[in-house]
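**Q** Mind looking over this structure? Questions follow.
The values are calculated or read from the model by the stated rules, or taken from the named source; none is laboratory data. Being a predicted model, the structure only gives us computed values, none of them experimental. Reconstructed Cβ throughout: ideal geometry from the backbone, glycine too, with neighbour counts over all protein chains shown. When the accessible area is computed, the model is the full protein with side chains, heavy atoms only, and any ligands, DNA or RNA have been set aside. Shrake-Rupley method; radii C 1.70, N 1.55, O 1.52, S 1.80 Å.
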Amino acid sequence: MNHTNIHQTRRWLSLSLVALLALTTQACAQDSSDSSHAPSAAQSSTATAPQLSGLPDFTQLVHKAAPAVVSITGVRIIKSGASEQQQQQQAMPDLPPNSPFRQFFKHFFGPNNPFDQPFESKERILGSGFIISSNGYIVTNRHVVVGDTELKVRLLDRHEYTAKVIGMDKRTDLALLKIDAKDLPTLPLGNSNQLQVGQWILAIGNPFGFDYTATQGIISALSRNLPDENYVPFIQTDAAVNPGNSGGPLLNLQGQVVGVNSQIYTNSGGFMGLSFAIPINIVKDVIDQIKAHGKVSYGWLGVMVQGMDQSLAQSFGLQQPIGALVAQVEPNSPAAKAGFKSGDIILDFDGKPVKRSGDLPPLVGSTPIGTVVPVEILRDGKHMTLKVKIGKLNEQQLKQASEKAPVENGHGRMGIATETIPHDQLGELGLKHDAVVIKAMNPNGVAAQSGLQIGDIILDFDRHRVSSSTELNRLVREAPAGRPIPILILRDKMPLFTAITLPK
């Protein structure tokens, strides 16, 4: 390459560099001009964030609902035998009522026998509720206010009132209170039949005494059946509910009460992700009956039913477990008069599907007495419809049903199902008083691990005589966790003590 060509090449490169610098400067100026009009990356992200999240804003809901939520406190008077503290101070064992050692101590101590001294103790009440009428009617749980109580109701504005119990219902664990006040804020009642799994909900209550705590979550399941709660198809949620929340409202996003928070499932005493609420449609019916009659009546069909598993369903000609299998029909009951038979499978009650045996009791119980309803059944592989006139459930029928009906999750903490021994069989077994016999057992439950067996007769539980399955249910529910509990059983007509440690 000669000198002239080198010179021309250098000149061309210089011109190209100048042109490139000019273009770069123009582009930077254009970017600067655009940035003055366009939002920054942070601004753009902020502007679109609400659309991306899709989460509800609960602030206005809490603001409107909280004034109608109340905190319930008070003192419950408990009358019983010698307290645990007294027993420890006296260094005396807690003996069963029929123990021969009681007679010894009675003779030794005379009229000052510590085992015969009644005592009174006080238990602090802590719960929640909500106002349903401006003149002072309040809904809460029965277990919050049951017993000899001195109740105080406190509002969000710190006003405090003495509350009167208008009525209670044991079956649904609901209570209606009244305070002497006017022009109170109220909560509207929704329709629990319209609830769906996955729907947002909000709970407001008094957990551990922390007033007006709001927790949110979703509905986890519907129509959940719990042991010994046959008349309530519970709403299951994952909203945090703890001791003190009982009786508080469960709200939808429209601010309507769709349930009453009632129970939690826990191994620790605190929230573990599962809480249960009474559907508001059941609450409405119970409250209306308490206002009108002072008590609650339930419909009665007169059948004892059990659940279906796959093998049982196939034996009745079903492809999958569905419906409620009639194990027994009570004589002279509405079901007997309508033509029900043992072995019938109830598939539909008054137009409502019966998918599990637990679906039937709340459907029957909520049906007005005297109503004639169609019931679809499967009998000998054929579908048919029976019409039955619903009767009135009385306490004796309820007791018999709870003691004799097969229990799918009976005595859940122990892992057993029991049956009260009929009176005409007591003599054959060498028994002088009522008792219960273990009819079924979870092989992985604590009862099986403690050595209990099917056929064992339970005489005493934690030094309390057991006269029925209902009584055992109560004792098991109220028993403390984490310490061995003595159980007196009869096996092969020989008395035998064993110990069991229950979970919470």
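**Q** Among the numbered conditions (1) touching a residue at least 12 places away in the same chain (Cβ under 8 Å); (2) within 16 Å of ASP169 (Cβ to Cβ), tell me where GLY302 comes up short.
**A** It fails just one condition, (2).
**Q** Going through GLN310, GLN320, GLN314 one at a time, which residue ends up being at pLDDT below 90 and within 22 Å of THR385 (Cβ to Cβ)?
**A** Going through GLN310, GLN320, GLN314 in turn, just one is at pLDDT below 90 and within 22 Å of THR385 (Cβ to Cβ): GLN320.
**Q** I'd like the full set of residues that are within 25 Å of LYS389 (Cβ to Cβ), touching a Gly at 6+ places or on another chain (Cβ under 8 Å) and open to solvent by less than 30 Å² (accessible area, probe 1.4 Å), limited to segment 297-307.
**A** Passing the criteria: TYR298, GLY299, LEU301, GLY302.
**Q** Please list, ordered by residue number, the strands (runs of 3 or more DSSP E) wholly in segment 423-504 having 1 or more residues that are touching a residue at least 40 places away in the same chain (Cβ under 8 Å).
**A** It comes to 457-461, 484-491, 494-501.
**Q** OK, next. Are any residues in segment 343-369 open to solvent by less than 50 Å² (accessible area, probe 1.4 Å) and in contact (Cβ under 8 Å) with a residue 60 or more places away in the chain, and if so, which ones?
**A** Passing the criteria: GLY358, ASP359, PRO361, PRO362, VAL364, GLY365, THR367.
**Q** Could you tell me which residue of segment 370-396 is modelled with the highest pLDDT, considering only residues that are within 17 Å of PHE316 (Cβ to Cβ) and surrounded by fewer than 12 Cβ atoms within 10 Å (Cβ to Cβ)?
**A** HIS383
**Q** Being of a type in the set (Lys, Arg) and within 24 Å of TYR212 (Cα to Cα) narrows it down to one of LYS284, LYS337, so name that one. Break it down into steps so the answer makes sense when it comes.
**A** Numbers: LYS337 fails: within 24 Å of TYR212 (Cα to Cα).
Only one candidate passes the filter, namely LYS284.
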